[in-house]
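Student: Quick one: the structure is below, and I'll ask about it shortly.
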Amino acid sequence: MRSRDDDVADGPAVERALALGVCGVGGRLDDAPDSIADALVSVDAVYGEQMARRLDRFASVVEGAFVWTRDSDGFLWLGRITGPWRYDASVEARDVDLVHVRSCDWLDRPVEAAAVPPGVHEAFARGGRNWQSITRADAARLTAAVWKSRTGG
């Protein structure tokens, strides 16, 4: 959940997401879109097709999908998407460029490094700023096991 805007610090967006129970990506727009279709057109016009495709993937992922983020201290947090895409036009969301959001249940504490699946570590080591796929075959199964061990379900 790092902004693609180099003028936005990395930490505050993740702090906001964890505090509010959301997962999100950046892409501030002058006019708040009423739908994901409107958002995709606007993001494409302002930021280009690649960013619009990223937003489409984010908005299209099924509810219940697991997500990982890293805070400014390097700790990894595990969450589960629980709601549809929406645009957060608040000043606070714009300030940290976390405007395209979905509700997300986050664990109440970061996951210890040894318990994080190797594929998750590999994905973060690749770099990038937001919404990347974790391609290692065992990552989904191992992530679900971490979630179950921390939540019981």
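The values are calculated or read from the model by the stated rules, or taken from the named source; none is laboratory data. Keep in mind it's a predicted model, so treat the numbers as computed, not measured. No Cβ is skipped: glycine too gets one built from the backbone with ideal geometry, and neighbour counts run over all protein chains shown. These accessible areas exclude ligands, DNA and RNA; they are computed on the full protein's heavy atoms, side chains included. Shrake-Rupley method; radii C 1.70, N 1.55, O 1.52, S 1.80 Å.
Student: Report, ordered by the first and then the second residue, all pairs with beta carbons closer than 6 Å, sequence separation of six or more or different chains, a first member in segment 8-34 that is free of Cβ contacts under 8 Å to residues at least 12 places away in the same chain and of a type outside the set (Lys, Arg), and a second member that is open to solvent by less than 50 Å² (accessible area, probe 1.4 Å) and assigned to a helix (DSSP H, G or I).
Tutor: Every condition considered, no pair remains.
Student: Which numbered condition trips up Val22, out of (1) out of contact with any Lys or Arg (no Cβ under 9 Å at 6 or more places or on another chain); (2) closer than 20 Å to Thr151 by Cβ?
Tutor: Val22 satisfies every listed condition except (1).
Student: Any idea how many residues of segment 3-27 are assigned to a loop (DSSP other than H, G, I, E, B) and either in contact with a His (Cβ under 7 Å, 6 or more places away or on another chain) or surrounded by 21 or more Cβ atoms within 10 Å (Cβ to Cβ) (or both)? Full working, then the answer.
Tutor: The first filter runs over segment 3-27 and keeps only residues assigned to a loop (DSSP other than H, G, I, E, B), leaving 3-10, 21, 26-27.
With the extra rule that they be either in contact with a His (Cβ under 7 Å, 6 or more places away or on another chain) or surrounded by 21 or more Cβ atoms within 10 Å (Cβ to Cβ) (or both), the set shrinks to 3, 26-27.
Final tally of qualifying residues: 3.
Student: Which one of these is over 20 Å from Ala13 (Cα atoms) and open to solvent by less than 40 Å² (accessible area, probe 1.4 Å): Trp147, Trp68? Full working, then the answer.
Tutor: On the way: Trp68 fails: over 20 Å from Ala13 (Cα atoms).
Just one listed residue meets the conditions, Trp147.
Student: Go through segment 59-113 residue by residue and tally those that are closer than 10 Å to Val22 by Cα and among the basic types (Lys, Arg).
Tutor: So the count comes out to 2.
Student: Within segment 101-153, work out how many residues are small (Gly, Ala, Ser), in contact with a helix residue (DSSP H, G or I) (Cβ under 7 Å, 6 or more places away or on another chain) and more than 21 Å from Phe58 (Cβ to Cβ).
Tutor: First pass over segment 101-153, keeping only residues small (Gly, Ala, Ser): 103, 113-115, 119, 123, 125, 127-128, 133, 137, 139-140, 144-145, 149, 152-153.
Now drop any that are not in contact with a helix residue (DSSP H, G or I) (Cβ under 7 Å, 6 or more places away or on another chain), which leaves 115, 119, 139.
Going one step further and asking which of them are more than 21 Å from Phe58 (Cβ to Cβ), we end up with 115.
Of the residues in segment 101-153, 1 are small (Gly, Ala, Ser), in contact with a helix residue (DSSP H, G or I) (Cβ under 7 Å, 6 or more places away or on another chain) and more than 21 Å from Phe58 (Cβ to Cβ).
Student: Residue pairs, Cβ under 7 Å, 6 or more apart or interchain, first in segment 100-114 and within 30 Å of Pro33 (Cα to Cα) and touching a residue at least 60 places away in the same chain (Cβ under 8 Å), second open to solvent by 20 Å² or more (accessible area, probe 1.4 Å) and assigned to a strand (DSSP E or B). List them.
Tutor: His100/Tyr87; Val101/Arg86; Cys104/Arg80; Asp105/Arg80; Trp106/Trp77
Student: Now for a separate question. Take segment 135-144 and flag every residue that is open to solvent by less than 60 Å² (accessible area, probe 1.4 Å) and either modelled with pLDDT under 80 or not polar (S, T, N, Q) (or both).
Tutor: Applying the first criterion (open to solvent by less than 60 Å² (accessible area, probe 1.4 Å)) to segment 135-144 yields 138-139, 142-144.
Result: Asp138, Ala139, Leu142, Ala144.
Student: Please specify each residue of segment 134-146 satisfying the condition of being assigned to a loop (DSSP other than H, G, I, E, B) and basic (Lys, Arg). Spell out the reasoning first.
Tutor: Going through segment 134-146, the residues assigned to a loop (DSSP other than H, G, I, E, B) turn out to be 134-138.
Within segment 134-146, Arg136 is the sole residue that qualifies.
Student: If you check every pair at least six apart or on different chains, which have Cβ atoms under 6 Å apart with a residue in segment 125-140 that is of a type in the set (D, E, K, R) first and a residue that is modelled with pLDDT of 85 or more second?
Tutor: Matching pairs, first to second residue: Arg136/Gly119.
Student: Give the residue that is farthest from the chain's Cα centre (by Cα), with candidates limited to residues of segment 39-78 that are farther than 14 Å from His100 by Cα and in contact (Cβ under 8 Å) with a residue 60 or more places away in the chain.
Tutor: Ser72
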